[in-house]
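Below you'll find the structure, written out as structure tokens, and then a few comments.
The values are calculated or read from the model by the stated rules, or taken from the named source; none is laboratory data. Just so it is clear, the structure is predicted and the values come from calculations on it, not from any experiment. Counting neighbours? That spans all protein chains shown, and the Cβs are built from the backbone with ideal geometry, glycine included. Surface areas here come from the heavy atoms of the whole protein model, side chains and all, with no ligands, DNA or RNA. Shrake-Rupley method; radii C 1.70, N 1.55, O 1.52, S 1.80 Å.
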Amino acid sequence: MTLDAGGTNFRFSAIRGNQVVTETVAMPSNGDNLEKCLANIVEGFNRVKARCPAPPVAISFAFPGPADYPAGIIGDLGNLPGFRGGIALGPMLEETFGIPTYINNDGDLFVYGEAIAGFLPYVNGLLEQAGSPKRYHNLFGVTLGTGFGGGIVRNGELFTGDNSMAGEVWLLRNKLAPQMNAEEGACIRAVRRVYAEKAGLAFDEAPEPKVIFDIGTGKLPGDGKAAVEAFRQLGEVAGDAMANALTLVDGLAVVGGGVSGAWPLFLPSLVAELNGDYTGPNGGRFRRLGSVAYNLEDPGQLEKFLKDGAREIAVPGTSRKIKYDPLPRLGVGVSRLGTSEAVAIGAYAFALKKLS
């Protein structure tokens, strides 16, 4: 059984074989009232359990942090202010339902789902079809929405860190406003804020990102230049943060979250940031990343990414020749599952691995 925990509503369902097998049950979160919130969580899972085609063997879901996820303890939450002082949500659900309960960060589970059944196998499948021997094993991902989340999967393993805080990209520095964190330049409010500034509006008058995207693509009237600039800046800030992470992870990168549908307006600047450069003390310039990043949503860049650039070189002093590809490359694209489905599959797979 799983849960999609939002600040306003909780949505419960059950999964088997990577497929949802029950209808979704929605309950209000009552995030400012801990007693009601916990009661609704129990009631939601009870309703799903009654609809399950077989007895559930585990509960696994994403919940906002800070949290001690391995212990199932939720800390002080901004969107759910009733949680204060450490709430043992996981142990409570284990006592109530008598089955193991696993809680993780939504950014982590999103990337885990995309690594198992989404972006990572999709790209490797394209490489196989193209006849390329290259395969990817590592995936870094971000979610662009109310916040700016992230996650890391290495060789099929979800990397959570010693304090359950790996992949916390929202705390990286904001390139365009270094006194702020990256989330303030790569989320819903960032798009609205920049649009309002450029269009000469108060922040409260700025529309939601979907409307701003439609303005930027000419589908709706409004300040088109302001809309395009709002998403360009989001791409630059997110790209800078992702470049820092990819320097360490060295893998493919996937983007999800509610704002990801606007990728035509921000992905070009995001990838351009990944392919940016530094200036040395002598004025010389060198690449930001050791690898070349490709926008895999762009057909032309996708074709170049898939092309096998290996050539044969001689082994000195012998008659042998070996293959060598002199161009390390990374691919960046958007979710192939949809964020909610990826999180659900990630939660399901995490539970199965723990159970085994």
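Annotations
- Ordered by 1.4 Å accessible area with all protein chains kept, Phe45, Phe97 run largest first as Phe97, Phe45.
- Normalised alpha carbon radius of gyration of segment 59-173 [divisor 2.2 N^0.38 Å]: 1.24
- Label point distance in nm, Lys354-Lys225, each placed 7 Å from Cα along Cα→Cβ: 5.3
- Of the residues Arg51, Arg311, Arg232, the one that moves most in a GNM of the chain with alpha-carbon contacts below 10 Å is Arg311.
- Estimated at the nearest 10 Å², the accessible area of Thr160 is 40 Å² with a 1.4 Å probe.
- The eigenvalues of the Cα gyration tensor, multiplied by 5 and square-rooted, give segment 185-256 an equivalent ellipsoid with semi-axes of 27, 12, 9 Å from largest to smallest.
- The residues Val271, Val249, sorted by heavy-atom accessible surface at 1.4 Å with ligands and nucleic acids left out, run Val249, Val271 from largest to smallest.
- With all protein chains modelled, accessible area of Lys353 [1.4 Å, Å²]: 90
- Tail weight of P(r) past 19 Å, computed on alpha-carbon pairs of segment 31-120, percent: 45
- Globularity index of segment 262-356 is 1.59 (Cα radius of gyration / 2.2 N^0.38 Å, N = number of residues).
- Among the protein heavy atoms, those of Lys323 account for about 150 Å² of accessible surface (1.4 Å probe, every chain in place).
- Set of lysines with alpha-carbon distance to Lys323 below 24 Å, sequence-local pairs under 8 removed: Lys134, Lys304, Lys307
- Cβ-Cβ FRET estimate between Asn79 and Glu312, R0 fixed at 35 Å, reported to 0.05: 0.05
- The mean of 1/r over all pairs of different alpha-carbon atoms in segment 140-186, once inverted, gives a Kirkwood hydrodynamic radius of 11.4 Å.
- Electrostatic tally near Asp214: other residues with Cβ closer than 15 Å to its Cβ, Lys and Arg +1, Asp and Glu -1, net +2.
- Segment Glu197-Ala88, extension gain: residue separation times 0.36 nm, minus the distance between their alpha carbons: 35.0 nm
- Largest first, the extents of the alpha carbon coordinates of segment 130-259 on the three principal axes equal 47, 40, 20 Å.
- Estimated inter-spin distance, Lys134 and Ile322, nm [label 7 Å along Cα→Cβ]: 1.9
- Per-residue packing, averaged as other Cβ atoms within 10 Å, sorts the ranges 122-135, 61-74 into the order 61-74, 122-135, beginning with the highest.
- Prolate/oblate/rounded label for segment 65-115 (Cα gyration tensor, a/c 1.5): oblate
- Highest-MSF residue in the chain out of Gly156, Gly147, Gly331 [GNM, Cα springs under 10 Å]: Gly156
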